[in-house]
Amino acid sequence: MGVGILASRAIRPASRLLRSQPSNLLIRTIVSKPELQSPEAAAVSQPEPPKNQILPPRNPVGGARVHFTNPEDAIEVFVDGYAVKVPKGFTVLQACEVAGVDIPRFCYHSRLSIAGNCRMCLVEVEKSPKPVASCAMPALPGMKIKTDTPIAKKAREGVMEFLLMNHPLDCPICDQGGECDLQDQSMAFGSDRGRFTEMKRSVVDKNLGPLVKTVMTRCIQCTRCVRFASEVAGVQDLGMLGRGSGEEIGTYVEKLMTSELSGNVIDICPVGALTSKPFAFKARNWELKGTETIDVSDAVGSNIRVDSRGPEVMRIIPRLNEDINEEWISDKTRFSYDGLKRQRLSDPMIRDSDGRFKAVSWRDALAVVGDIIHQVKSDEIVGIAGQLSDAESMMVLKDFVNRMGSDNVWCEGTAVGVDADLRYSYLMNSSISGLENADLFLLVGTQPRVEAAMVNARICKTVRASNAKVAYIGPLADFNYDCKHLGTGPDTLKEIAEGRHPFCSALKNAKNPAIIVGAGLFNRTDKDAILSAVESIAQANNVVRPDWNGLNYLLLYAAQAAALDLGLIQQSAKALESAKFVYLMGADDVDVDKIPKDAFVVYQGHHGDKAVYRANVILPASAFTEKEGTYENTEGFTQQTVPAVPTVGDARDDWKIVRALSEVSGVNLPYNSIEGVRSRIKSVAPNLVHTDEREPAAFGPSLKPECKETMSTTPFKPVVENFYMTNAITRASKIMAQCSAVLLKK
Amino acid sequence: MAAPFTLRKIGVPPNSANLTEARRRVFDFFRAACRSLPTVMDIYNLQDVVAPSQLRFAISAQIRNNAHVTDPKALPLISLSLWVLGGDLLRAERRLCLRSIVILTCFNYHLSLKVESFTFWIVWRMKCLLYWVGSFTPLLSAKAVLPCGSFFEGSFLCFWMQSSRALLALFLCAFRMQSILFPDDSLLLLQVIDLLLFKGMEELTDIVDHAKQRHHIIGQYVVGEGLVQNTGSKDQGKSDFLKNFYTSNYV
């Protein structure tokens, strides 16, 4: 029995006629208490917590770890009565996170600068006249922070009320519904009734390109996208125009967001103002199944989560990995998934005598290939692995081709003469996260913006944080950070190596110099000379030391590092020209004209891309979202993809096809399961079996013999012509086609 | 054009006297089936899906699948079915209840003849066996033996069972009976062939009567598993890996 009903009994006349059961329930007097009328009164009436209370231990929010750079500088603050030690520069919000209290926020993001304009993170601090914005206030020693007092709660309700005032009632048609910060926080912290009766304002939508859909009426002006674009992406595209309720986020001129990281604003925006245009109206987030896997569009191996509904990939979302991609992924990774639905090979095919392909069964296709491979001499057999091949399939291919008596098996992108003896010569030796410690970058023949967007993001972060200097040797390219263009060709490199260039002094004075060499240089004929010049620069400037190894090689394809570890290198330059049997395992960048006209070409892959047109037999394989494969990224970090959707049609896994082909050809490979393949890989390259671990190179440049060749004078050429179309999947993607038509700088 | 072939409705199941007659019946069935194929293709609109030769192949494959039935050594057990009427066997655990009338039916004329003639012998053997098994309660009242002539071409042997243990014993007896009653197996063989033929005719009649649906036909006779592959000869030397590889990616 509440106070209300008792009080109502006292107030109403005690009439027997009126007092009957149903009317008792209908009449309800509203009674108010002094505590309910103002937050201050409520604060007064709250009982004091007993002193010396033993509180249960708390874990930081999200399992975060706190790193004390200077243990003597730790401060102690009290969060809701709980004492917690934090490093000196921490804000109140970060201190609360360490204490396990998640404070609601809209504009604060841990990887962006502090704005403090949403006011949702207000908490009460003792001895402060008004609640403070915890994201901006530094934590001072002995501060007593209270997050669940009536004042804090009232503040949150008020902020939420203000935000929702001008927010349109778009939830049913908004793509962010179900994963919207505004929805979640209004449920948790907002008040239950609104009192807004005026007209809401609306804002005109901006066109940011074919990737980002904007409904600016939903914008709550948190400026996360503005800060992201200027800090992380390095482009100053977005800004806030106007003041007060007329504020609008946009590009001041009619400009599209051309940055390769533009898709990340979709994740950053807490409301449905910036959403994914290809994903618009396709699915709700609760009907999607998320599979945590790895991206293979470049050599970085960004961690992604593939959201699929049934057999279809609906979207790709980044996953947190502090070492590789932090929380970002490039546009190519994010939006090329619709290429997985087009131009897929689903049945084995054999080319008829009239030149057209005819679908056959697996039995017949493998029987035909098995017959032909025995009619060819062993050194006329060539196997080429593609840029998206996983380590298991490359291992089985190499074993098969070797057992047929041939040594000609290599991976795309490795020209003749690339040797895989010493791992330091093709890995990013300072690791991607280690690039943050560099203070001078020398980029040789590489444009990281188009080759590996996450490495570029890391360089941008370092330049912004510690004012690192960047110098570049190569063709004219645009960078999103300040970069000095030293030259275009090997001449500049020679000058620096001999000490004649003015840049050498900067190199000598740098504490942690980093040299990044692009893998496009591996295809040059004077590759040895160039690489030895680079190594002499490294030697002269103390780049390779026990505590810091700054000599880095940036690979281009996801399969390259694993291929070089497994030993898939091209021994002879004439192998392809004199081949009679060519096995292309997803290899589309092979120069098809070099294959002789009478060679029998087998193409095993998942997309009908360039090389299919030359093939005689097509064997359909599975794409990276459909198979469990091991990939090694450019820094030597081994990761595995996880199948998210089933294979298309009659396709099989790559390694299974080669293993079946070997059995049909009479070659007995000693394994027939994925564990067997992995144990074989373990005997060849054990680092590929230890997933989620980075294996640094064991030896440095000291072991390399002297090189006697001379450098040619041809300048370095750009390796990636079109950022949006680099592999079979992206070339089949409609979104990538739109991007390359609209967003590339002409 | 020749007159369209009409399938005679099968009322009485075949009773072959010897193996040659059974063979003749099989070939007659195959002939009837092939002659009714144009009607079938017309009814179910299979003109674009499959050729008549493929369907003929399918039918002959099914017949060939059972070609091993000519081998007297591979024989199934007698088709006996025990119907338990009017009683719950579990309740028979308690002394008080049950009477379960167990009817030993034989869908088999020849067997029934033999059963008739051997009735008393059977009952006596069962009594001994059951006695030996240990159910002492008065069970087998041999009164209920009803050789019923040609009702379903079988005969009934009714047993008055009063315990589930007895029923179990009866099962054991039935198996023993097979080897006792049929020292030579050829008769049984013929019955099996006749039964299979009956089933085949039944199926054919259903199909011609449009009692089946198109996807049944396509699933069972056009795309069906045992038809295209697994004739045995091609898959001899292959490993499990290769067999699984040909089947699916996820085997």
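The values are calculated or read from the model by the stated rules, or taken from the named source; none is laboratory data. If you're wondering where the values come from, they're calculated on a predicted model, not measured in any experiment. When we count neighbours, we look across all protein chains shown, and the Cβ atoms used for this are built from the backbone with ideal geometry, even at glycine. When the accessible area is computed, the model is the full protein with side chains, heavy atoms only, and any ligands, DNA or RNA have been set aside. Shrake-Rupley method; radii C 1.70, N 1.55, O 1.52, S 1.80 Å.
Once the mean of 1/r is taken over each pair of separate Cα atoms and inverted, chain A shows a Kirkwood hydrodynamic radius of 29.4 Å.
Which of the trypsin sites (Lys or Arg not before Pro) across the stretch A:567-600 are loop residues per DSSP, with 15 or fewer other Cβ within 10 Å? Within the stretch A:567-600, the qualifying trypsin sites (Lys or Arg not before Pro) (loop, at most 15 other Cβ atoms within 10 Å) are A:K574, A:K597.
Size of the stretch A:210-360: Rg and Dmax of its alpha carbons, in Å, are 19.3, 73. Compared with the direct C-alpha span, the chain from A:K127 to A:K289 gains 53.5 nm at full extension, assuming 0.36 nm per residue. So, R0 is 51 Å and r is the distance between the beta-carbons of A:T713 and A:K682; what FRET efficiency does that work out to, to 0.05? Efficiency at R0 = 51 Å is approximately 0.65. When both the stretch A:606-650 and the stretch A:656-682 are represented by their alpha-carbon centers, they are found 17 Å apart. Residue by residue along A:361-370, Cβ atoms of other protein chains within 10 Å of the local Cβ number 2 on average. Taking the convex hull of the alpha carbon positions in the stretch A:602-738 and averaging its projected area over all directions gives 13.5 nm². With r defined as the distance between the Cβ atoms of B:S239 and A:T691 and R0 fixed at 22 Å, what FRET efficiency is calculated, to the nearest 0.05? Step by step, r from the Cβ atoms, then E = 0.15. Per residue of peptide A:599-606, the mean number of Cβ atoms on other chains within 10 Å of the residue Cβ is 0. Relative to its Kirkwood radius, the Cα radius of gyration of the stretch A:327-464 gives an Rg/Rh of 1.08. Surface composition of chain A: carbon and sulfur atoms hold 53% of the protein heavy-atom accessible area at a 1.4 Å probe. The mean number of Cβ atoms from other chains found within 10 Å of a Cβ in peptide B:238-250 is 6, as a whole number.
Between amide H atoms placed 1.01 Å from N, distances below 5 Å from A:L122 occur with A:S134, all of them 5 or more places distant or on a separate chain.
For A:S679, B:S60, the ranking by accessible surface with the largest value first comes to A:S679, B:S60, using a 1.4 Å probe. Once the Cα-Cα distance is subtracted from the 0.36 nm per residue extended length, the A:R58 to A:L422 segment shows a gain of 126.3 nm. The lysine pair count for the stretch A:599-746, using Cα distances under 25 Å and pairs eight or more places apart or on different chains, is 14.
Between A:E248 and B:D28, the modelled label-to-label distance comes to 9.1 nm, taking each label 7 Å out from Cα in the direction of the beta carbon.
Listed here are the pairs A:K85/A:K144; A:K85/A:K127; A:K85/A:K154; A:K289/A:K341; A:K580/B:K238; which of them are more than 22 Å apart at the Cα? Those over the limit are A:K85/A:K154; A:K580/B:K238. Ordered from highest to lowest accessible area with the whole protein assembly present and a 1.4 Å probe, A:E675, A:E412, A:E124 read as A:E675, A:E124, A:E412.
Computed from label points 7 Å out along Cα-Cβ, the spacing between B:R56 and A:K358 is 2.3 nm. Note on the stretch A:358-494: lysine pairs with Cα distance below 23 Å, sequence gap of 8 or more or different chains, count 6.
Label-to-label distance, A:A83 versus B:Q213, with points set 7 angstrom from Cα along the beta-carbon direction: 7.5 nm. Across the stretch A:619-625, rounded Karplus estimates of 3J(HN,Hα) from the backbone phi angles (6.51 cos²θ - 1.76 cosθ + 1.60, θ = phi - 60°) give 10, x, 10, 9, 7, 5, 7 Hz, Gly and Pro being marked x. Restricting the calculation to Cα atoms, every distinct pair contributes to the Kirkwood radius of the stretch A:141-226, found to be 15.2 Å. If you take the beta carbon distance between A:R201 and B:N18 as r and set R0 to 60 Å, what does 1/(1 + (r/R0)^6) give as a FRET efficiency, to the nearest 0.05? With R0 = 60 Å, the Cβ-Cβ based efficiency is 0.05.
Straightening the chain between A:H485 and A:I372 buys 35.4 nm, computed as 0.36 nm per residue apart minus the Cα-Cα spacing.
Across the stretch A:516-633 the C-alpha pair distances fall into 5 Å bins from zero in the proportions 2, 9, 14, 17, 18, 15, 9, 7, 6, 3, 1 percent. Taking a straight Cα-Cα cut-off under 18 Å and skipping sequence neighbours fewer than 8 places away in the same chain, the aspartates and glutamates within cross-link reach of A:K88 are A:E72, A:D73, A:E76, A:E97. Interface area, chains A and B: about 1300 Å² of buried accessible surface, summed, with a 1.4 Å probe and ligands, DNA and RNA left out.
Computed over protein heavy atoms with a 1.4 Å probe, the accessible surface of chain A works out to 45 Å² per residue.
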